[in-house]
Each structure stands twice: as structure tokens, then as C-alpha cells.
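Everything below concerns the one structure shown next.
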Amino acid sequence: MVARTLIPARTPVATPDEGLVADMLPPMLVLLATLAGGATGILLLNRWQGNVWPYVVILLLLASVAVSDRLRRRGNLYLASVVMVGAVTLLPVLSCAAFGFTNNSFVYLSVLGVFAAGIMVSSRAPFQATQAAILLYLGLLLGADLAGQPRPTWFEAIGQIIFLIALLLGAATLSWAAAYVVRGTISWAIDTAQKSERREQLLRATQADLERALLERDLLNEQLYRTTLELEEARAAAEAAYRSKANFMATMSHELRTPLNIIIGFSTAMLEHPEMYGDVRIDEQVLQDIAEIRRSGQHLLGLINDILDLAKVEAGKLELNKTNLALTPLLDETMRTAQALIGERPIQLRREYRDPLPTVLADEVRVRQILLNLVSNACKFTHSGEIAVGARADTDQVVLWVRDTGIGIAPSDQERIFQQFEQIENADTRQHAGTGLGLSICRWLVELHGGRMWLESELGKGSIFFFSLPRTRAGTERG
């Protein structure tokens, strides 16, 4: 019945924070041990010769401190708190056996235990401690004769009981109400201190990292300085190599192209104008050999021209003579060249452009070189079907293309063929050997004009090579 009246129904239980209890227990145990030692000293100095109950209370207090400390060391903080709170709450009440029931101020020290119960045990613990203290007080009143203390009058006993109940209930209520706030505040303070310590550790770690970063920066600066010197040396060496390459290209242009042109010229004269040799009759087998000489010479001359163009593009020395170029005559010329390259093969040549086309700002020689290269490739790798040359005008550019129904190009090879010295490996490419420079030079030439080159192809069905050229700006076309 007493428990039901003292403990509020359906009270939420606030469990103590283990870190808070672990921080509070040691100083409280030291304080209680010090009080026990001090009380023992006072009794000995005053030569206490009354009953033995003061020594019993002190011994119980020391025993409670020892038990609580042992439980704390084992990690059982809850039981350690219960033992400590029980000692602080009940031992002051037990002092009635030593000093009597009237004029005994030690009884009221049990308020400290009731208040500590809310912080260190749980929010319900203050009411349970209050109940235990009142029951102990009533038991001592009933057994006053056994303790050797005079029994107070009923009037005095009732007054003391009511006062003690009111005092303990007030402390329990205050502890119950403050349990959440006090515990939360102390936990916040401890957490803040821990956070500050972690921030300090983080700051020290950051400082150490910063010092290492500064050291690494100095090392990197030194490496950068050495690398800069090495780059300067490499740049000087590259410039020297480029000058040597340019001299070599100039020498090759003169030393190789001149005799090649003579070989091609004489072989052409022997094939096309045999009468220049009078009555000398040239055997058919010899004419075939001469034709092979001319074909090989023309192939070698084209290779040399491609390499020279490549060197000029890489060095940025290739100059474009841009004019307002009319495309229709150039496309018609390309169609005639394609017809000659097709010869007697079953290939239909299609025209996919309409006159008039807008003029473009371009170099006529280089645009002709691009078209002839694309048409030549289409004729090499198309055995039947059709080849088309086309163009269309867009808003700010003209798109030109060469389409064929030849062998086609696999998706994995469509970007690779625009690289230097790259060719697709198949029977047709082995039959029609090339330098692998034509398409890469064409793309560079288109990009130098401010356009772009791309292709659409399907293996076994043919290819379309597109390139764009910028249209002549309004007001600059020639009449």
C-alpha cells in the first residue's frame, strides 16, 4: 500500500547515463569514505562510551563504500549506484539507534540519498528510497527498546513521521522532476567536453597534416624546378630535332621528287609516244614493265607528297590559300576522275548535288586533294554497285560526301582509320597497298578550314565519308 501511494502511476523511467554514473561514483565514494573516517576520528577523540551503534553505522558505511567500489571496478555501475544510494539513504535513519529519535539531525541526511537516487539510479528510485527509509524508521520506532533508546511519545513520533515523510517525498518529487533535466544537462556538459577534446585532437592532427603538406609542397616545388629545367632542355632538343627534320624533308623533296618526276616522265613518253624513238619497236613485255615502273613511281611520289604534307601540318607550316570557291566545277571534275578510275567495272556513278551550290571559303587545291582521296578510296574498295559524289547547303556550311557500296568499315575501325599510318587489314587493303596517311591528312585539312570530317559505314554494305566547309559570309561573295 505504501509503495502504491509513493510512486506515481505510469511514470516514464529515465535510465541513467553510464558515462555520467561512471564519472560521479568515484568522487562520491571518496567523499563517503572521508566522512566515515572523520566520524570515526571524532568518536575516538571524544572517547565515546555510549552504545556501539555509531561504530556499527560507520562500519556499514565503509562496507557499502567497499562493495560499491568493487562493483564499479567490475563494470556493474547500476548495482554500485544502488548500494551507494541505499547507504546514503538508510544509514542516516539507522543513526536513530545511536542518537535517539528526538533532536537527531542526522536522520534528515537521508534526503541526500533520495535526491542522488534520481540522478544515479532511475527516475523511480527516489520514491523507492523514500519508501525504504520510512519503513526503516517505523521499524526502529517499534524496536526502540531493543536498540536501547527511549521511545518517543505518540504525539512526537507522529509529528516526526509526518515531517520526515513530507521532507523525503518533497526531495523524491524534486529528484524525479529534475532527473531528466539534471542528467541531460550533465550529459550535455560531459559530451561538450569530449567534443572539445576531440576537436583539439582533430586540430592537432590537422596541424600535423598541414606541416606534412608544407613539407611535401617544398619537395614538389623543388621537383617542379628540376622538371622545368629538364623540360627546357627537352624543348631545346625537340627544336633541334625539328630543324633537322625540316632540313631532311627539304632535302628529300629535292633529291627524291626530281629523279622520280624524270622517271615518271620518260616512262609516260615511252608508253604514250613510242614514235619519238623512230623505227625502234618496243616489245609488249617491255611496255608492261615500263607501265609498272610508271605506276610504282607515281605511288612513291604520292607517298613522298603525303609525308611532306603530314610534316607541314604537324609543324603548323601548311598555309591555305583561301578564296571564295565555287564547288560545282570541282565536283564535276571529281566525277570525271571517278569515271576514269572505275574503268570497265560494273559500277554506276551517281551525282547527288544540284547546281547552284553556295560558295565556300576554302583552298581549291586542298579541297580537290580531299575529294580525290575519298573518290580514289571508294574506287579501290568497291567492286560493283555504285559510287556517289554529293553536296548540300546548310545554314552556315556546305556538307560534301562520297558514298560507295564497297566493303564497308567495322565500328571498331571507324575512328582508327583517321589515325596516322593506320589501315584496315583485309584482302582488299593488301591488294591496294597505301601509306595509311590519306584520311588523317584529309581530316587535318578539313579542320584547318574550320570544318569537320566523319563517316557512316556498315561492314559489307558500304561507307559514306562526310566533310563540311564554312560558307562564304554574306557580302564577300564575288559576282
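Probing with 1.4 Å while keeping every protein chain in the model, the per residue accessible area of the stretch 323-470 equals 47 Å².
Kirkwood analysis of the stretch 323-470, using all unique Cα-Cα pairs, places the hydrodynamic radius at 15.5 Å. One decimal place: the segment Arg204-Ala63 gains 46.2 nm when fully extended, by the rule 0.36 nm per residue minus the C-alpha distance.
For the stretch 323-470, the share of accessible area belonging to carbon and sulfur comes to 50 percent (1.4 Å probe, ligands and nucleic acids excluded). A crude spin-label estimate for the pair Phe418 and Glu333, with each label 7 Å from Cα along the Cβ direction, gives 2.6 nm. Here Met120 sits with roughly 0 square angstrom of accessible surface, probe radius 1.4 Å. Taking all protein chains as they are arranged and a probe of 1.4 Å, the heavy atoms of Ile42 leave approximately 100 Å² accessible to solvent. Full extension of the chain between Ala240 and Leu215 yields a length gain of 5.2 nm, computed as 0.36 nm times the residue separation minus the alpha carbon distance.
The values are calculated or read from the model by the stated rules, or taken from the named source; none is laboratory data. As the structure is a computational prediction, the values presented were derived from the model and not from experiment. Glycine also receives a Cβ, built like all others from the backbone with ideal geometry; neighbour counts cover every protein chain displayed. To get the accessible areas, we keep the full protein, side chains included, count just its heavy atoms, and leave off ligands, DNA and RNA. Shrake-Rupley method; radii C 1.70, N 1.55, O 1.52, S 1.80 Å.
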